[in-house]
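All remarks here apply to the structure that follows.
The values are calculated or read from the model by the stated rules, or taken from the named source; none is laboratory data. Nothing here was measured: the structure is a model prediction, and the numbers come from that model. Using ideal geometry, Cβ is built from the backbone for each residue, glycine included, and neighbour counts are taken over all protein chains shown. Just so you know, the surface numbers come from the protein's heavy atoms only, side chains and all, with ligands and any DNA or RNA stripped out. Shrake-Rupley method; radii C 1.70, N 1.55, O 1.52, S 1.80 Å.
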Amino acid sequence: MRVVILPTEQEASDFAADFIEKLIIDKENAVLGLATGSSVLLTYEALIKKYQSGKMSFKNITTFNLDEYVGLKPHHIQSYRHYMNRKLFNHIDIDQKKTYIPECFNKDYELSCENYESTIKSLGGIDIQVLGIGTNGHIGFNEPTSSLSSRTRVKTLTQNTIENNSRFFKDNETQPSLAITMGIGTIMDAKQILLLGLGKHKSKAIAEVIEGPVSSFFPGSILQQHKNAIVVVDKHAASDLKLYDYYIHTEKMHQKYMC
Ligand code: F6R
């Protein structure tokens, strides 16, 4: 696992955007796995700026989002489809028909999950999966004790996740308690994984992901077993890492000899 610690949230997000840009330069029809939430916002802003300055195009890109709330129609303001349109897709030249998000509004959830898996496969798999991390260790909406080999399915959200995400919902809005999420096995099939952790409130989760035991009780820890995972954090999110200095050193070595 490569660990990149940068001084600020902006620098960590710019690093992530540069990383994605390089991948798209190498493979203009790349398949991106995307996340919603706060951790990826600055990265999306940086990607939009790159597009607006003519540095990159998303014309041939396909995207698959990690998850969607059950019951929310795509035009619902709290749906992840709505979030993705607002925060990224509406501002770049991507073909919206090639942006996939789990379908959670017709009742045949099982079929919807199977279709999601087969569409990912039919397009050659995900080249890079971008992740945030929940304070309880979830990746996507794979809550603690999710099977480490799970595939796309309906998950019941924990109270912790519902509370953490309640900031996005108004007082009178009903907050869904179920979601369709890519499974941990689905995420681990991605050729590369980039996890972003920003801010002091993520420091314990980041330490568990990088240095904790691999356990379904903290799903993000499974990334230790991925062949090509990179964790990008600002110095506050890195502040609980026991081997902080070592990661700074190894990244210097990486920059010197591998870039
Ligand atoms: C979102 C997702 C979640 C978030 C995680 C962190 O699509 O899959 O796993 O990445 O809850 O959320 P933020 O970034 O809002 O702290």
Of the conditions (1) within 28 Å of Val4 (Cα to Cα); (2) away from the ligand (no atom under 16 Å from the Cβ), Ile94 fails just one. Which one is it? (1)
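Would you check which residues across region 18-50 are away from the ligand (no atom under 12 Å from the Cβ), over 15 Å from Gln192 (Cβ atoms) and among the aliphatic types (A, V, I, L, M) and list them?
If the condition is that a residue be away from the ligand (no atom under 12 Å from the Cβ), over 15 Å from Gln192 (Cβ atoms) and among the aliphatic types (A, V, I, L, M), then Ala46, Leu47, Ile48 are the ones that fit.
How many residues, within region 247-259, are touching a helix residue (DSSP H, G or I) at 6+ places or on another chain (Cβ under 9 Å) and in a loop (DSSP other than H, G, I, E, B)? Give the steps one after another, and end with the answer.
If we filter region 247-259 for residues that are touching a helix residue (DSSP H, G or I) at 6+ places or on another chain (Cβ under 9 Å), which is where we start, we get 247.
Within this subset, residues satisfying the condition of being in a loop (DSSP other than H, G, I, E, B) are none.
The total comes to 0.
What helices (runs of 4 or more DSSP H) lie completely within region 1-118 and have 1 or more residues being acidic (Asp, Glu) and open to solvent by 40 Å² or more (accessible area, probe 1.4 Å)? Before you say what the answer is, go through the steps one by one.
Working: elements: 9-26, 41-52, 80-87.
So the answer is 9-26, 41-52.
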Of all residues in region 161-194 being closer than 26 Å to Ser112 by Cα and within 10 Å of the ligand (Cβ to nearest atom), the one that is farthest from the chain's Cα centre (by Cα): Phe168
Just for region 142-160: of the residues that are away from the ligand (no atom under 11 Å from the Cβ) and in contact (Cβ under 8 Å) with a residue 60 or more places away in the chain, which one is most open to solvent (accessible area, probe 1.4 Å)? Thr145
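Check every one of the helices (runs of 4 or more DSSP H) wholly within region 154-246 and list those with 3 or more residues that are farther than 23 Å from Phe15 by Cα.
Values: elements: 159-165, 184-188, 203-211.
Where helices (runs of 4 or more DSSP H) fall fully within region 154-246 and carry at least 3 residues being farther than 23 Å from Phe15 by Cα, they are 159-165, 184-188.
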Mind telling me which of the residues Gly137, Gly125 ends up being closer than 28 Å to Gly197 by Cα, within 14 Å of the ligand (Cβ to nearest atom), not in a strand (DSSP E or B) and not polar (S, T, N, Q)? Gly137
Please specify each residue of region 4-29 satisfying the condition of being in contact (Cβ under 8 Å) with a residue 60 or more places away in the chain and in contact with a Ser or Thr (Cβ under 8 Å, 6 or more places away or on another chain). Ser13, Ala16, Ile20
